[in-house]
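Worksheet for the structure shown next.
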Amino acid sequence: WAVTVGRRAAADLRAQVAGLLGSGALPTITTIHALAFSLVATYGPGLDDELSQVRVLSGAEEDLRVRELITGSLAEAAITWPDTLHQALSTLGLANEVRAFNARLREQGIDPDTVAGHARSTNDPLLAALAQFAAMESQTATLENVVDYPGLLSLALAVAASPEVNRQLQATVSALYV
């Protein structure tokens, strides 16, 4: 297998390898997210039935979801947002920053409770609000059985770390080039 960072790079690499090898079987050349999705779709259902129905959100869906959750949190007073942010809460710019913050948390394996604890220890109301939002977003994603791209990578790592799946991968994958 060969893994690239984007679709265009994968297509370019496929063309180069095909040119070098000529005819015959080509190795699997894909993006990191396509590989992650393949792992989850192939091996996940054997570990958890819910993984057979997991759906990856597009970037536009993520943007809309974050904006709707922020709006809902205001309407229901579910999150104590700092007063200094109230005018910005309806903007796309803030939604993008909140989305990016949540993505970094998932990439780093930091859960919302850890962020909330840090917010309490530093008396940071913005961090407290972001921790509340991250918890709400995580619960909503679980209920909807959806993941974003960082969540997909984390899920694929968890699936691949399963002893059974790990043995199967070691038996079938002879090399992985990044």
Go through the range 128-162 residue by residue and tally those that are part of a strand (DSSP E or B) and under 13 Å from Leu35 (Cα atoms). 0
Can you pull out every residue in the range 72-108 that is under 15 Å from the mean Cα position of the chain (by Cα) and open to solvent by 70 Å² or more (accessible area, probe 1.4 Å)? Arg104, Glu107, Gln108
Residues (open to solvent by 60 Å² or more (accessible area, probe 1.4 Å) and in a helix (DSSP H, G or I)) located in the range 50-65: Glu50, Ser52, Ala60, Glu61, Leu64
Residue in the range 30-49 that is open to solvent by 30 Å² or more (accessible area, probe 1.4 Å), of a type in the set (Asp, Glu), at negative phi and modelled with pLDDT under 90 present: yes
I need a count of the residues in the range 151-176 that are within 11 Å of the chain's Cα centre (by Cα) and farther than 17 Å from Thr30 by Cα. 3
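The values are calculated or read from the model by the stated rules, or taken from the named source; none is laboratory data. In this text, all values refer to a predicted model and were calculated from it rather than measured experimentally. Accessible surface areas use protein heavy atoms only, side chains included; no ligands, DNA or RNA. Shrake-Rupley method; radii C 1.70, N 1.55, O 1.52, S 1.80 Å.
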